[in-house]
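No lab work stands behind these numbers, since they all come straight from the coordinates. Here the structure is a predicted model, which means the values were calculated and not measured. As a convention, Cβ positions derive from the backbone with ideal geometry for all residues, glycine included, and neighbour counts pool all protein chains shown.
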């Protein structure tokens, strides 16, 4: 995958846009991982996927992988976590939601930047933890 946005374009985007893209990348990665590593039927695949992509699970995953992140990546996480968002889904608290958004933003940022190798490393780290 080539770089979708220049560095300047990417850095002027809202981190919520990065998270919007990262949400879909993360869910697709989890779904694909489950299909490759289990023999679950579609309904059970959905149930297992939701366990990984809900805000609480994503927030927990971010905490577990933080030590593997570079300073640049930690800056992206901080910027995303501090972005004001007026949406709060049910069944989560504000801090979990901010951390989940930060994980999704990091994934989206790396995807939009075209850094496939690093994105793959982080996604693999997410499922290992």
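A few notes on this one:
- Full extension of the segment from residue 17 to residue 63, taken as 0.36 nm per residue of separation minus the current Cα-Cα distance, would add 14.4 nm.
- If R0 is taken as 25 Å, the Cβ-Cβ distance between residue 24 and residue 71 corresponds to a FRET efficiency of 0.40.
- In terms of packing, defined here as the mean over residues of other Cβ atoms within 10 angstrom, the peptides 42-51, 86-95, 9-18 line up highest first as 9-18, 42-51, 86-95.
- Value of relative contact order over the chain, rounded to a whole percent, pairs C-alpha under 8 Å and six or more apart: 47
- For the chain, the longest principal axis of the C-alpha atoms and the axis of helix 55-65 are separated by about 70°.
- Exposure proxy ranking for 115, 78, based on other Cβ atoms within 10 angstrom of each Cβ and starting from the fewest, stands as 78, 115.
- The chain: angle of helix 15-37 to the longest principal axis, Cα-based, in degrees nearest 10: 30
- Mean-position separation - Cα centroids, the stretch 1-56 and the stretch 98-129, in angstrom: 8
- Cα long-axis angle, helix 116-128 against the chain (0 to 90 degrees, to the nearest 10): 40
- As a length-normalised measure over Cα pairs under 8 Å and 6 or more apart, the relative contact order of the stretch 66-129 settles at 30 percent.
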